[in-house]
Amino acid sequence: MRRGGKAFEWSGGHPALDLVNTLDERPSAAPIENLATYRDFVRFAELAGLIARPLAASLRDRTGSACARATRRARKLREHLYRILTAAHRAEPIPQADLNAITAAIRAAHAARRLVAAPSLTLAAHRWAPAGELEAPLHACALAIERLLSAADRNRLRKCGAGDCEVYFIDTSKSRRRRWCSMKNCGNREKQRRWRSGAR
């Protein structure tokens, strides 16, 4: 497995799908791991809008075993969701073991939040408990997965139509006929393949 960490795939249309897509080139013999380090993970969570910039700034240079453990757990959480999406795409039963693992992560995420007085239109807002801030990116991903699984229209969840691409996305097109993660990349490549095969 190669290490990436420089660029993320943002065609998912939902932070939880963008998390799944952080393992790039899945079908290849050497997939690219874009969550190789805790710094990578914090950067993803910030860019995905899952944690605020000040929190990300306070976390990105943290190191140690707890950081490495949080990153490994994030990768495991990602793979639980990937297996669920794959089963749904293949019209197979959703694996309960993966749902159970995600449920445990969601419970931990809710337990890591607390209500504080809010200087806005609402009376209170959620904040991460200071003792658990190191795992805030992990918890934020779990809550994003909860929103995806419980609220997203499953009929709009798609896998890229390219045979060598495992990117998942939400089809928000009016026609509901989006086929590619990116027309610029996979879409054009598949069209060229068809043209070449037809030209022969």
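Values in this text are rule-based calculations from the coordinates and carry no lab data. Since we're looking at a predicted model, the values are computed, not measured. Virtual Cβ from ideal backbone geometry, glycine too; neighbours counted across all protein chains shown.
FRET efficiency for the Ser28 to Arg72 pair, using the beta carbon distance and R₀ = 22 Å, is estimated at 0.50. Taking the Cβ of Gly12 as the centre, find all other residues whose Cβ is under 14 Å away and add up their charges (Lys, Arg: +1; Asp, Glu: -1). In short, +2. Measuring from each cysteine beta-carbon in the chain, the ones with no other cysteine beta-carbon under 4.7 angstrom are Cys67, Cys141, Cys186.
Given charges of +1 on the Cβ of Lys and Arg and -1 on the Cβ of Asp and Glu, with all other atoms neutral, how large is the dipole of the stretch 94-164 about its Cα centre, in debye to the nearest 20?
Values: 9 positive and 6 negative charges, 45 e Å.
It works out to roughly 220 debye.
Counting only DSSP H runs of at least 4 residues, each contributing -39500 (n - 2.57), and dividing by the residue count of the chain, the helix-based mean residue ellipticity at 222 nm comes to -14500 deg cm²/dmol. Hydrophobic long helices, here whole DSSP H runs in the chain with Kyte-Doolittle means of at least -1.0 and Cα atoms spread over 24 Å or more along the helix axis, are found at 65-89.
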